[in-house]
Structures are given as C-alpha cells and as structure tokens.
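Beneath this line is the structure, given in structure tokens, with notes to follow.
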Amino acid sequence: MSEIVFFHAKKAYDSKKTVIEDLNLVIPDGSFTVLVGPSGCGKSTTLRMIAGLESLSDGELVMDGRRMNEVASEDRDIAMVFQNFALYPTMTVRENIEFGLVNKKVPREERRKLIADVVETVRLADYLDKNPGELSGGQRQRVALARAMVKKPKVFLMDEPLSNLDARLRNEMRTELIELHKRLQTTFVYVTHDQTEAMSMATDIVLMSDGVIRQKDAPIKIYNDPNNIFAAQFIGTPAMNMFDLGKCSQQNSVPEQAKYIGFRPSRVHFAEDAAGSMDKIDFQGKILTHEFFGSEIIYRLQTDCGILSFKTFHKDELPLDMEVQVYVERRDCYFFDEKQNRVRCS
C-alpha cells in the first residue's frame with residue numbers, strides 16, 4: 001500500500017512567503033497522479049515535501065499509514081526522477097544504475113540480477129557499457145528511470161522529467177511511462193506545467209494555482225465537468241471560450257447567479273449546419289487567425305462578446321477577414337458566478 005495523505009499541510013519560507021497554505025490531499029495507492037498548474041503554483045514544493053527534500057512548516061504527511069514529517073528522505077522508500085536526468089557523465093550506464101545499490105552495500109550478484117531485470121524493462125540492455133554522453137535524450141531519460149526502478153520503491157516521484165526532450169521524444173516517453181506504470185502497478189506522482197502530459201498520462205489530476213487545489217479528478221472529469229473557470233480554461237487546447245455575460249446580448253435561459261458563460265472550441269458549429277436547432281446561442285464575427293493542424297483547423301473569431309476560438313475538422317481552410325456566423329448548443333455551455341465558481345443548471 002502506497003497511499004499518500006496530506007493533512008492541513010503548510011509550507012512557508014518566511015513570514016512573507018507562504019507557498020502552500022492549507023493542503024489536504026489524498027494520492028491513492030497505485031495511481032498515476034499528476035500535479036499540474038502554472039509556474040509557482042506549489043506543485044514542485046508538494047512533490048519535494050513527499051520526497052523529504054522540503055520539510056512541512058505545519059500539518060502532517062502520512063505514507064502507508066505512517067507519519068513522515070520527521071522521516072529522512074533516504075528512509076521513505078521513494079525514488080525520484082529529475083528534470084535534468086542527474087546522471088554521472090564519467091560512469092557507464094551500468095554504473096549509473098547500480099550506484100545507489102553499491103552505496104547500500106547490496107551484494108554484487110543481487111545487483112547483477114536487479115540490473116538485468118530493469119534494463120530489459122526500459123530497453124537498455126545493449127547500452128550498459130556506454131557513457132551518458134553517447135546516448136540520446138530519450139535513452140538518458142530511461143537510464144534515470146532504470147536507476148529509480150532498480151531500488152524497487154513504493155513511490156516514484158517525477159519532477160518535469162520530459163521538459164528537456166524534443167516534441168517527438170516527449171510523445172514517445174509519455175507512452176513508455178504509461179506502459180511502465182501499468183507494469184509496475186505502483187504509485188507514480190508526476191509534476192508538470194503541461195496539461196497535455198497531465199491529460200494523456202494521469203489516472204488522477206491535481207490542478208493547482210497559488211498553492212491551492214482548484215480541482216482533483218480524473219482527466220475526463222475535469223475536462224467535461226470543471227468546477228471553476230481556472231479548471232475550465234487550464235485544461236483543454238485551445239482553452240475554453242469564456243465571456244462576461246454582461247458584454248453579450250444573448251442572456252436568455254441562463255442561471256440567475258451566472259456572470260460568465262464558457263464553451264469548448266470543438267462545440268462551435270457553423271450557422272448553416274444548425275439543422276433546425278432552436279436552443280442555441282449565436283455569434284457573428286470576422287476571422288482573425290487560422291492555424292492548420294492537418295485534420296483540424298483552429299480559428300480565432302472577433303465577435304461583439306470578445307475573441308472566440310473554434311475548430312473545424314476535415315474542412316477547407318477559410319480566408320482571413322471572412323465574416324462567419326457560428327453557434328453553440330446551450331447544452332454545451334458552462335456557467336460561472338462572480339467568484340468564477342461553476343453554476344450548475346437544474
């Protein structure tokens with residue numbers, strides 16, 4: 001069991017800088033939990049408190065039912081993978097992987113067996129005698145993963161481990177990490193500012209800003225059922241369209257407390273495709289930009305309410321400055337109050 005629980009955790013560096021104010025969080029055993037949010041939101045600090053690299057200023061951290069506040073990092077049965085790989089350049093791949101085992105005085109034969117198992121899992125068997133400088137970025141990242149895996153920890157902690165890789169390698173490594181988690185069936189806690197990484201890999205997303213959890217849910221739940229404007233606009237590409245109802249002419253049949261209306265760009269349709277739909281909200285405007293992504297094109301439209309994003313799929317590209325009429329079904333709209341919290345429609 002590797003459940004991780006924060007009870008009213010606080011992290012402050014001095015009286016003027018509190019990063020985490022009152023964190024209550026349960027990270028389920030065996031989950032792939034991703035802490036995501038903008039820079040400075042507290043996600044890396046939360047990870048470092050789990051690792052024991054940062055102490056709690058107040059509150060409690062419990063792992064496996066055991067209070068960890070006073071437990072040293074090396075005694076927490078965790079392994080951490082860093083953004084910069086942190087490999088020793090003068091050591092071979094084999095030596096990098098077994099370095100921690102040597103320090104723990106694990107017998108040579110046991111080390112050999114552990115390394116043989118782990119390099120097969122991460123496909124490094126042919127590279128054991130090479131130095132890190134001879135490897136690609138993806139291979140070096142797998143060495144860092146192997147070094148963590150060989151310890152057989154209860155929890156893997158990963159702090160933006162893919163941010164130094166190019167786009168193609170990031171895509172490949174995301175798939176490899178998903179498969180690795182499935183094979184190991186242990187707890188992964190992963191930090192990123194990239195919502196694509198969070199959505200594609202996580203079983204659970206913890207969305208943070210300003211040291212506060214804005215929403216904790218499965219990826220599809222946060223996308224389809226955001227609790228607030230921050231969650232609605234942080235998750236999803238392009239971001240959810242969001243307008244102040246006071247600046248829009250169409251305010252019929254909206255909840256009484258609603259101040260803002262939001263909807264996904266993928267839910268916007270051309271007026272000529274309405275097919276008799278009556279319960280809809282119409283917009284008209286001029287195309288400002290278009291971005292071509294193969295099977296889809298993303299447009300930005302200047303309307304009276306503000307700039308509206310929408311997508312087309314498998315359609316010809318429309319010219320800039322073209323006037324178009326679009327609509328969104330009311331059932332595809334989200335409403336939020338003046339505090340930017342979700343207003344549920346009855």
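The values are calculated or read from the model by the stated rules, or taken from the named source; none is laboratory data. A quick note: this is a predicted structure, and the numbers were derived from the prediction, not measured. Here the Cβ is made from the backbone with ideal geometry for all residues, glycine too, and neighbour counts use every protein chain on show.
If Lys221 meets every condition in (1) out of contact with any helix residue (DSSP H, G or I) (no Cβ under 7 Å at 6 or more places or on another chain); (2) outside the structural domain of Val19 (by TED's automatic domain parsing) apart from one, which number is that one?
Going through the list (1) out of contact with any helix residue (DSSP H, G or I) (no Cβ under 7 Å at 6 or more places or on another chain); (2) outside the structural domain of Val19 (by TED's automatic domain parsing), Lys221 breaks only (2).
Inspect the range 227-245 for any residue being crowded, with 17+ Cβ neighbours inside 10 Å, out of contact with any strand residue (DSSP E or B) (no Cβ under 9 Å at 6 or more places or on another chain) and at pLDDT below 95 and give the result as yes or no.
Yes.
Just checking, which of Thr186, Thr203 is hydroxyl-bearing (Ser, Thr, Tyr) and modelled with pLDDT under 95?
Thr186
Please go through (1) surrounded by fewer than 12 Cβ atoms within 10 Å (Cβ to Cβ); (2) modelled with pLDDT of 90 or more; (3) out of contact with any helix residue (DSSP H, G or I) (no Cβ under 6 Å at 6 or more places or on another chain) for Pro89 and return the number of the only condition it doesn't satisfy.
(3)
Given the criteria assigned by TED's automatic domain parsing to the domain that holds Asp159 and surrounded by 19 or more Cβ atoms within 10 Å (Cβ to Cβ), does Ala125 qualify?
no
Report yes if some residue within the range 136-157 is over 25 Å from Phe32 (Cβ atoms) and part of a helix (DSSP H, G or I); otherwise report no. Please lay out each step first, then the result.
The initial filter retains those residues of the range 136-157 that are over 25 Å from Phe32 (Cβ atoms), namely none.
No, because not a single residue in the range 136-157 is over 25 Å from Phe32 (Cβ atoms) and part of a helix (DSSP H, G or I).
Report those strands (runs of 3 or more DSSP E) wholly inside the range 1-43 carrying at least 1 residues which are at positive phi, assigned by TED's automatic domain parsing to the domain that holds Thr192 and not hydroxyl-bearing (Ser, Thr, Tyr).
Hits in the range 1-43: 4-14.
Quick one: in the range 199-212, of everything that is out of contact with any Gly (no Cβ under 9 Å at 6 or more places or on another chain) and not in a loop (DSSP other than H, G, I, E, B), which residue is surrounded by the most Cβ atoms within 10 Å (Cβ to Cβ)?
The selected residue is Ile205.
Kindly indicate which of Cys305, Cys345 is surrounded by 16 or more Cβ atoms within 10 Å (Cβ to Cβ) and at negative phi.
After ruling out the rest, the residue left standing is Cys305.
Go through the residues of the range 96-103 one by one and say whether even a single one is within 30 Å of Ser136 (Cβ to Cβ), more than 24 Å from the chain's Cα centre (by Cα), among the β-branched types (Val, Ile, Thr) and not in a helix (DSSP H, G or I).
Residues of the range 96-103 that are within 30 Å of Ser136 (Cβ to Cβ), as a first pass: 96-103.
Pick out the ones that are also more than 24 Å from the chain's Cα centre (by Cα) and you get 96-103.
Filter once more, keeping what is among the β-branched types (Val, Ile, Thr): 97, 102.
Checking the rest, the ones that are also not in a helix (DSSP H, G or I) come to none.
No, that holds for no residue.
Whether any residue in the range 163-171 is part of a loop (DSSP other than H, G, I, E, B) and surrounded by 22 or more Cβ atoms within 10 Å (Cβ to Cβ) is what I want to check.
Looking for residues that are part of a loop (DSSP other than H, G, I, E, B) and surrounded by 22 or more Cβ atoms within 10 Å (Cβ to Cβ), one finds none in the range 163-171, hence no.
Go through (1) at pLDDT 90 or above; (2) assigned to a loop (DSSP other than H, G, I, E, B); (3) surrounded by 13 or more Cβ atoms within 10 Å (Cβ to Cβ); (4) not aromatic (Phe, Trp, Tyr) for Pro319 and report which single condition fails.
(3)
Residue check, Glu60 against (1) assigned to a strand (DSSP E or B); (2) within 23 Å of Gln233 (Cα to Cα); (3) out of contact with any Leu (no Cβ under 8 Å at 6 or more places or on another chain), all met but one. Which one?
(2)
Condition check: among the hydrophobic types (A, V, I, L, M, F, W, C) and either surrounded by 20 or more Cβ atoms within 10 Å (Cβ to Cβ) or in contact (Cβ under 8 Å) with a residue 60 or more places away in the chain (or both). Does Ala218 satisfy that?
No.
Name the residues in the range 66-84 that are assigned to a loop (DSSP other than H, G, I, E, B) and without any contact (Cβ under 8 Å) to a residue 24 or more places away in the chain, would you? Write out each step before concluding.
Of all residues in the range 66-84, those assigned to a loop (DSSP other than H, G, I, E, B) come to 68-72, 76-77, 82-84.
Listed by number, the residues that qualify are Met68, Asn69, Glu70, Val71, Ala72.
Residues to consider are Arg170, Arg142; find the one that is closer than 26 Å to Asp77 by Cβ and either free of Cβ contacts under 8 Å to residues at least 40 places away in the same chain or of a type in the set (Phe, Trp, Tyr) (or both). Lay out the reasoning, then the answer.
Numbers: Arg170 fails: closer than 26 Å to Asp77 by Cβ.
Going through Arg170, Arg142 in turn, the sole match is Arg142.
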